[in-house]
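As structure tokens, the structure follows; a few thoughts come after it.
The values are calculated or read from the model by the stated rules, or taken from the named source; none is laboratory data. As the structure is a prediction and not an experimental result, all values here were calculated from the model. Positions of Cβ are generated from backbone atoms using ideal geometry, with glycine treated the same way; all protein chains shown enter the neighbour counts. Just so you know, the surface numbers come from the protein's heavy atoms only, side chains and all, with ligands and any DNA or RNA stripped out. Shrake-Rupley method; radii C 1.70, N 1.55, O 1.52, S 1.80 Å.
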Amino acid sequence: MTSSAAQQDLAEPHLRQVLAGVGLDVEYVRAEGNTLHRLDENGRSVPVLDMMGGFGSLILGHHHPRIVARAKELLDARVPVHAQFSRHPYANEVAAVLNDIVHRELGTTEPYHAIFANSGAEAVEAAVKHAEFDRVQKVSALEAEIVAHLERTWEAVRGGTARVPGDVLAALEVDAPADPLAGFDRAAAEVQARNAAELARPPLFLTPEGSFHGKLVGSVQLTHNESFRVPFRSLAAQSRFVPLDDPGAIVKIAERERRHLLDLTVTGDRVVLTERPLPVFCAFVLEPIQGEGGIHPLTAEFVREARRVCDALGCPLVADEIQSGMGRSGAFFAGSLIGLRPDYVTLAKSLGGGIAKTAVTLIRASRYRPEFELLHSSTFAKDGFSTQLALTVLQLLEADDGAVYRRAAERGARLRAALEAVRTEYPEIVREVRGTGLMLGLEFHDQSAATSAEIRELATAGFLGYAVAGYLLREHRVRIFPTGSAVNTLRLEPSVDLTDAEIDQVAEGFRGVCRVLHAQDGRRLVGA
Ligand code: PMP
């Protein structure tokens, strides 16, 4: 049945129009490996090389035969998809395999507990919620200690064994009355008021500039791009963004944001006022290789400093491996290549093998709050189908002693060399090729001063990368996109089965782009 409403464009029509503007609103009807098949104007299927790979969800390609076979097997066997509140041995197996990998790559023998989710942003939000649950309990314990101290101090003052000295009253900016009991009352009231004001403040997050951690209400505040984040800032706790090239800024930000609660205790016959550090930061969340921010690998120095400051603050370090993880970097965790030692890890995208939608948050046992499991849940998370497919994906990745990781590194190096060759030929057009393994970015020089009016306008409007994407699709049958936060950088995230011929096709495509930009042929770029 075709309803009349189906004739209209109701599913995100504005986005479709934007894509249409640069020739990207094509329909794909079949997908296999690194190939998507689009329908042309005559309804014929045309193969397109997919270098986007589902925003990094297809480390094993579209419809990997083993994953498809497993999916069919699960459905044929009527394996329960939804059996919430029961034993989930396969989820446990996924967690066990992930623990083996964590122990091998992240230099720890500590178990990590697993909380499942349905999407990347949801896994990040589970991490954030758990971290906040932990912080709030630490704050409550501190508060309880301060209340107990206050009671004991009151007893000492009332019993005449201690009094509040003038310097404490002065520090609290309260007048010194003649009566010691009144002095205590005023000091205690001021301490309580100041502590209440501190406790009412929301927590903060630390995250690098350029970071992307999702677009849900909480996670979007960890996403640096202002246009995504700022309109929604009143909905959730805020982040402090650390410049990537200045690891020393982490400690400076931590110092600047330092807060404390006041504590009244007794030493000898004097009441003493002390400052107790308040855990302000809920978590430090980072991507070992920034994806959406334009493919920026973090340095070992940056993550070492992040670890050091987190340890000093007692705040958890969260590695968001949603895009960089699952083997794309040449190791299962990209963080392992730079010595990252996280307390939490998030995974999604390729975990579902390109078919299921699943995600997981791993949390170090020594930081884990088991009660969280009774507070946080989702109907679809940890479902039987997705989790069992995730297990198959992990088995494929771990097979042959990590052959997939070696292949990602080797294919990535080859692809990178091909892109570097293009840059060497057109250094005035291609600014930089960067990334690790099969997570690469090619950045074009800014074209906002181009002699071609079309190119200039596209560049000024932030659409040059999309126009390049349209050109590559139209003329070279290559599907590739810029990132939302780095509009001149095209992101390449193909599967490990990338062939030499496919690499040549991409490089040829970029050569074509360079020729067009070199000739300032705006009409050719936009297909006019
Ligand atoms: N974190 C990172 C590092 C990501 O790359 C993404 C998605 N691009 C997300 C979180 C959010 O994942 P999702 O789109 O599945 O919510």
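Observations
- The length gained on full extension between Glu198 and Lys72, counted as 0.36 nm times the residue separation minus their Cα-Cα distance, comes to 39.8 nm.
- Annotation: extensible slack from Gln84 through Ala413 equals 114.1 nm (criterion: 0.36 nm per residue apart, minus Cα-Cα distance).
- Averaging 1/r over each pair of different alpha-carbon atoms in the stretch 397-528 and inverting the result gives 15.1 Å, the Kirkwood hydrodynamic radius.
- Where labels lie 7 Å past Cα in the beta-carbon direction, separation of Ala189 and Gln238 in nm: 3.2 nm
- Descending semi-axes in Å of the stretch 230-385, equivalent ellipsoid built from Cα gyration tensor: 34, 21, 15
- Helix-only [θ]222 nm of the chain, DSSP H runs n ≥ 4, -39500 (n - 2.57) each, per residue, nearest 500: -13500 deg cm²/dmol
- For the chain, the membrane-span-like helix rule (DSSP H, alpha carbon extent of at least 30 Å along the helix axis, mean Kyte-Doolittle at least -0.5) picks out 120-158, 384-425; this says nothing about an actual membrane.
- Summarising the amide proton neighbourhood of Thr223: residues at separation of 5 or more, or on other chains, whose placed amide H is nearer than 5 Å comprise His213.
- Relative contact order, whole percent, for the chain stands at 20, derived from Cα pairs under 8 Å and 6 or more residues apart.
- Long-range Cα-Cα pairs in the stretch 41-158 (distance over 18 Å), rounded percent: 78 percent
- Quotient of C-alpha Rg and 2.2 N^0.38 Å, computed over the stretch 368-451: 1.80
- Label-point gap, in nm, between Glu143 and Asp100 - each point 7 angstrom along Cα→Cβ: 4.5 nm
- Accessible area (Å², per residue) of the chain, counting only protein heavy atoms and a probe of 1.4 Å: 45 Å²
- Amide H partners (placed H, <5 Å) of Val242, local residues excluded: Thr207, Glu209
- Residues within the reach of a label modelled at Ala403 (point 7 angstrom out along Cα to beta-carbon, backbone nitrogen below 14 Å), restricted to the stretch 61-91, are 66.
- Restricted to Cα atoms, the stretch 10-92 shows a radius of gyration and a Dmax of 17.9, 52 angstrom.
- Put the Cα centre of the stretch 241-316 next to the Cα centre of the stretch 465-528 and the gap is 41 Å.
- Contour minus Cα-Cα distance for Ala453 and Thr424 (0.36 nm per residue): 7.8 nm
- Among the listed pairs Lys129/Lys349; Lys138/Lys252; Lys72/Lys129; Lys138/Lys215; Lys252/Lys357; Lys129/Lys252, a Cα-Cα separation exceeding 31 Å is found for Lys72/Lys129; Lys252/Lys357.
- Here the 3J(HN,Hα) profile of the stretch 323-333, calculated from phi with Karplus coefficients 6.51, -1.76 and 1.60 at θ = phi - 60°, is 9, 7, x, 6, x, 4, 7, x, 9, 4, 9 Hz, Gly and Pro shown as x.
- Dimensions (Å) - the stretch 118-202, Cα atoms, principal axes, largest first: 64, 23, 14
- Cα Rg, Dmax, the stretch 311-458, angstrom units: 20.2, 62
- On the principal axes of its alpha carbon atoms, the chain extends 95, 62, 52 Å, with the longest extent given first.
- Accessible surface of the chain, 1.4 Å probe, proportion on carbon and sulfur as whole %: 53 percent
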